[in-house]
1. Sort B:133, B:284, A:91 by Cβ crowding within 10 Å, fewest neighbours at the top.
2. How many angstrom lie between the Cα centre of the stretch A:39-87 and the Cα centre of the stretch B:461-483?
3. Between residue A:37 and residue A:223, what's the calculated FRET efficiency when r is the beta-carbon distance and R0 is 30 Å? Round to 0.05.
4. Taking each residue of A:146-156 in turn, how many C-beta atoms of other protein chains fall within 10 Å of its C-beta, and what is the average?
5. When B:221, B:435 are ordered from fewest to most other Cβ atoms inside 10 Å of their Cβ, what list results?
6. Please identify the GluC sites (Glu not before Pro) of the stretch A:96-188 that satisfy two criteria: DSSP loop assignment and at most 12 other Cβ atoms within 10 Å. Which are they?
7. When all alpha-carbon pairs of the stretch A:61-170 are counted, what percent fall beyond 20 Å?
8. The stretch B:388-482: which GluC sites (Glu not before Pro) are DSSP loop and have at most 12 other beta-carbon atoms within 10 angstrom?
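Since every read-out is calculated from the coordinates, none of them should be taken as a lab result. None of the values given here were measured: they were computed from a predicted structure. Quick reminder, even Gly has a Cβ in these numbers, built from the backbone with ideal geometry, and neighbours come from all protein chains shown.
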Amino acid sequence: MTASQARNAGLPIINLLRLKGMPILQQLHLEERLLRTSSENWCIINDGTTRPTIVMGVSGKAKELLETDAVLRDEIPVIRRFTGGGTVIVDQGTIFITFICNKDAISGLQSYPRPIMSWSSLIYKNIFQGIGEFSLRENDYVIGNHKFGGNAQSITKNRWVHHTSFLWDYEVSNMGYLKMPTRVPEYRQARNHVEFICRLKEYMSRSVFIDGTMDAVAAYFALRSPDVDDMQNPSSQFEPSSRILTRQELGEEASMELVGTVSQTSYMAAISSTFPTSKVA
Amino acid sequence: MICRKFHQKNPRSLSQWWRFVSSATVPPSRASSAAADSELVSVFRAQDGIFKKPGTLFSSKNRCPESSWSIAIGISRCRFTTQTMADDPFNGVVDVPLAQTGEGIAECELLKWFVQEGEQVEEFQPLCEVQSDKATIEITSRYKGRVSKVLHVPGDIVKVGETLLKMVVDEDIFSSQPSEILEVIKAHVPDVSKPEDAGPGLSKPKVGGVMSTPAVRNLAKQYGVNIEDVRGTGEEGRVLKEDILAYAARGDVLSETSASADQSLEGEQIFPSISSTYGWEYEDQTIPLRGFQRAMVKAMTLAAKIPHFHYVDEINCNALVELKTSFQRANSDAGINEDSQEVTLKGSHNIGIAMATPHGLVVPNIKKVQSLSIFEITKELARLQELALANKLSSDDISRGTITLSNIGAIGGKFGSPLINAPEVSIIAIGRIQKVPQYDEDGNVYPASIMTVNIGSDHRVLDGATVAKFCNEWKQFIEKPELLMLHTR
């Protein structure tokens with residue numbers, strides 16, 4: 001038995017799925033399906049998504065969290081995802097890393113929000129040794145006191161998902177679509193978006209970050225490339241709950257026909273053209 | 001049900017189980033709700049050719065006994081269960097609050113309900129989904145019962161400790177199934193993770209210096225035990241449910257038949273050395289059910305809810321006996337049990353073998369039988385038998401079976417009416433091979449070794465035709481074992 005085999009002996013298996021540029025809605029659908037219908041452990045790394053998209057938590061209210069006039073005007077898609085947590089705007093500069101695990105996958109880890117969050121921070125802590133002052137502040141990953149990663153979770157009877165969106169890079173102008181939320185972490189201290197967050201690219205390259213993550217995961221799991229079949233949907237009964245909000249839900253008045261306003265159908269057509277429903281390659 | 005009396009070699013052996021089974025007259029009162037609860041694997045619908053479909057699994061997802069084993073393991077992990085704070089659980093309705101979901105979380109938003117008023121819920125069934133901070137969390141029910149009133153609607157903010165819903169709890173709450181199975185696992189499977197009563201998220205206030213949950217303190221009250229006298233075996237000296245039960249049982253004989261209709265928790269204390277003024281010489285002795293016996297009571301009570309049908313047939317084993325003899329000659333491994341007469345079916349996955357041990361009835365299973373050779377199966381069977389006798393079966397050995405074989409014939413009897421080992425959907429009782437005269441094709445009499453089998457099946461899943469076809473195919477392989485070579489991969 002080789003050293004790596006010996007190390008792997010006894011470790012639970014995790015399917016490592018490397019993606020690049022997958023639309024975020026498709027990723028959320030995949031994650032929810034794996035959470036609810038798979039019995040295996042998964043680590044999904046999506047290196048950047050497509051066009052800028054706003055993603056709110058499961059109970060997010062668009063009017064409270066977004067500058068909806070600008071969002072409607074610029075036809076920015078708004079998705080309500082199946083996990084809790086806050087609002088982010090994601091694009092090609094966002095790196096997504098998701099863990100979907102059985103609750104007994106990690107020995108000694110209890111499936112409460114806090115322990116899962118703490119465990120996940122151990123994964124990333126290793127990568128920043130000697131590079132930056134990484135820590136988990138409240139529910140965010142920060143360097144110093146600047147947030148670069150936001151977390152959300154869903155915990156079911158026997159499994160949990162913990163997913164993170166990392167700001168490797170971002171457009172300042174995109175942050176303008178997000179309002180200051182009413183519930184903020186204490187350490188934010190009334191800073192606006194740009195003063196509050198930072199870019200991961202100032203600390204390391206994308207590949208160093210992703211490779212470092214995979215090495216860290218290998219300390220807890222035996223990594224495995226998933227079969228394409230594992231990701232197909234054998235049960236046609238599963239309906240994911242993450243979805244794109246309609247213009248009405250974003251607050252557009254149905255009775256008013258403003259000149260130059262794009263109608264709902266063409267709005268949906270415009271944004272859904274970038275969300276293909278083809279299966280994962 | 002046709003049952004015969006068997007010669008009892010050992011008390012509380014397999015034969016006693018049969019006697020218990022044959023006298024059980026509990027009607028399947030919850031059959032309809034059980035049917036509603038169980039989700040059936042779609043593959044079973046294949047009507048024919050189970051040998052052509054090796055992947056076919058006959059298994060119901062009504063997972064009570066199987067999950068009862070996993071409950072013990074699960075109980076050492078944290079669950080987002082509701083914890084009752086009822087003062088008087090015996091009027092039936094309990095307030096079920098939102099339990100602590102994490103450090104520092106004082107309230108959650110209710111997102112959606114999975115159950116509605118009037119609905120029957122099982123233990124650990126998800127009740128609702130809440131959101132706290134960054135996480136959506138499924139809240140599962142700690143108890144089995146019926147939802148009587150839902151107190152919040154989606155969108156409400158519910159404080160930790162506030163009542164979520166009211167439930168009518170089915171059984172007496174504190175002699176709950178998890179603690180029984182917990183005992184079984186603890187007593188008999190020492191290598192399983194240590195059972196703990198509750199996770200760190202649940203409140204554990206101290207009472208006069210003793211740490212315990214409200215449920216455990218109530219239990220102590222019911223048994224008339226001063227909790228401060230009990231030595232806690234949990235983390236940091238926490239007093240657990242089993243500590244109370246063990247303390248109460250020490251020195252007193254408790255009556256705890258969970259099959260009894262008596263809902264009272266008051267342990268009857270019977271003093272064996274009582275002397276009566278009436279001069280009775282013989283006293284009834286109440287023996288607490290422990291270990292496998294207790295698990296068996298539970299499993300059989302559950303099995304009684306399943307609508308069984310039984311299919312009986314006779315199989316000519318002449319060829320099989322010859323084959324077995326030639327195997328034995330070829331392989332002189334002393335570890336093989338010479339009395340074993342099990343037959344392995346291709347197409348089944350994890351085949352359980354009922355074993356009568358000095359500790360009671362247990363059903364370990366041989367995994368992935370379709371991938372094993374007969375030799376490998378025999379070795380695995382021997383291994384499981386040794387473990388069963390030594391009372392060292394692991395929980396994996398006894399779970400995830402897909403069908404059970406009961407070789408009652410090894411002890412005696414022509415055939416019996418076996419009860420299904422839920423959540424499986426079929427069980428086969430194999431009677432003793434009897435030598436009887438038979439007619440061959442030319443009308444001549446010849447001695448034949450005839451074995452009677454009784455296949456008990458869940459009529460919600462299997463119909464007579466399917467089982468008959470299965471039995472015919474199986475019978476063919478036994479009567480003509482050379483056909484096995486045709487199909488062996």
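1. Values: B:133 24, B:284 5, A:91 16.
Starting with the residue having the fewest Cβ neighbours, the order is B:284, A:91, B:133.
2. 56
3. On the way: r = 22 Å, r/R0 = 0.72.
The pair residue A:37/residue A:223 has a calculated efficiency of 0.85.
4. On the way: counts 0, 0, 0, 0, 1, 3, 4, 7, 7, 11, 7.
Per residue, the average neighbour count from other chains is 4.
5. Values: B:221 14, B:435 11.
Result, fewest neighbours first: B:435, B:221.
6. Details: sites: A:133, A:138, A:171, A:186; in loops: A:133, A:138, A:171.
Loop-located and lightly packed - A:133, A:171.
7. Details: 2888 of 5995 pairs.
Of all Cα-Cα pairs in the stretch A:61-170, 48 percent lie more than 20 Å apart.
8. On the way: sites: B:424, B:441, B:473, B:479, B:482; in loops: B:441.
Here the GluC sites (Glu not before Pro) that fit, given the DSSP loop and packing criteria, are B:441.
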